[in-house]
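Engineer: Got a structure for you, written out below as C-alpha cells; questions coming shortly.
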Amino acid sequence: MRTCILMGSLRSDGNTAHLAKYFMERMGELEAEVEYVELRNKKIYPCVGCKCCQDRRGEYGCPQEDDVAEIVDSMLKSDVLVFATPIYTWQATPPTKALMDRMYGLNKYYGKAPREVLNVGQAYALLTSCGYDPDRGGADLLDEVMRRWCKHSGTQYKGMYAFRDKGDPQAFSSAKAQAGARDFADEIIRTCSR
Ligand SMILES: Cc1cc2nc3c(=O)[nH]c(=O)nc-3n(C[C@H](O)[C@H](O)[C@H](O)COP(=O)(O)O)c2cc1C
C-alpha cells in the first residue's frame, strides 16, 4: 500500500501538519509506504483551461512547465491520495485547490483522447482542520466537494478526518487528535483493496 500525502497547509509545523504526522506514523506502523509532498514548496501554476490535456491519450499531458508533472508521477504510483489541508474560506488552501484543478488531465472526458481515467479507482481522503465545528460549517462543504469530485472522476472517496482549532495549538498534540488521525489511517488501510 502506497500513500501520497499532499500537504496543502502553508504552515509546515501547523495544526494540519500535526494531524498528518500522527496519520503518517500510524501508516508506517501498518507498513504502508508514505510519501509526503509539501505543496507550499512546489511551483503549481493555476489551470488555464486550455484543455490541451484532453487531447493527450494515455498520459497526463499538461503543457505547463512547473512541478505538477512530478507530483502527478508520485500520485500515479500511489494507492491512496490524502489531501491534507486546513479550511481557508470554506475551501481547500490555494496550493491544494490549484493542484485539484490541475488534476483535470487525469480524466480524459472532454477532448480528442479516448475516454479514460488514468487513476481509476484510486482512493482519496481528506485530512483537515478548521475553526468552526467540522460537521456544521467547518469542513462539511469541502467534504461534499471531495465526494462529488470522486464520483465525477472515477475515484473512491474514503471520507475525512477533521479536528477543530479552538485557538489552543496544544490541542493538536492531544491524545484525542492523535487517536483520531491514527484511527483514520487504520480505516483507510482496512477499506482499501486496490
Ligand atoms: C485565511 C484563513 C481562512 C480561514 N477560513 C476558515 C473557514 O472558512 N472555516 C473554518 O472553519 N476555519 C477557517 N480558518 C481556520 C483554520 O482552518 C484553522 O485555524 C486551521 O487549524 C489552520 O491550520 P494550519 O495550522 O495547518 O494552517 C481560516 C484560517 C485562515 C488563516
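No lab work stands behind these numbers, since they all come straight from the coordinates. This structure is a prediction, so every number in the text was calculated from the model and none was measured. Don't worry about glycine lacking a Cβ; one is built from the backbone with ideal geometry, like all the others, and counts go over all protein chains shown.
Engineer: Which angle between 0 and 90 degrees, to the nearest 10, do you get for helix 140-153 versus the longest principal axis of the chain when only C-alpha atoms count?
Structural biologist: Approximately 30 degrees, to the nearest 10.
Engineer: Also, quick follow-up: Run lengths n ≥ 4 of DSSP H only: what is the helix-derived mean residue ellipticity at 222 nm for the chain, with -39500 (n - 2.57) per run over all residues, to the nearest 500?
Structural biologist: Values: 5 runs with 64 residues, N = 194.
That comes out to -10500 deg cm²/dmol.
Engineer: Here's a follow-up. In whole Å, what are the extents of the chain along the principal axes defined by its C-alpha atoms, from largest to smallest?
Structural biologist: Answer, in whole Å and largest first: 51, 34, 29 Å.
Engineer: Across segment 2-191, how many lysine pairs, 8 or more apart or on two chains, come within less than 17 Å at their alpha-carbon atoms?
Structural biologist: Numbers: LYS21/LYS176; LYS42/LYS97; LYS43/LYS97; LYS51/LYS108; LYS51/LYS112; LYS108/LYS151; LYS166/LYS176.
So the count works out to 7.
Engineer: Also, quick follow-up: Could you sort 98-110, 163-175 so that the peptide with the highest average Cβ count within 10 Å comes first and the rest follow in order?
Structural biologist: Numbers: 98-110: 19.5, 163-175: 13.4.
Top of the packing list down: 98-110, 163-175.
Engineer: What order, most packed first, do the peptides 20-29, 111-120 have when packing is the mean number of other Cβ atoms within 10 Å of each residue?
Structural biologist: Result, highest mean first: 20-29, 111-120.
Engineer: Net charge near PRO114, counting Lys/Arg +1 and Asp/Glu -1 over other residues with Cβ under 9 Å of its Cβ?
Structural biologist: +3
Engineer: Here's a follow-up. Can you say what percent of the DSSP beta bridges in the chain, counting only those with both residues inside, are antiparallel? Round to 5. Spell out each step's value before the answer.
Structural biologist: On the way: 3 of 28 bridges.
Close to 10 percent.
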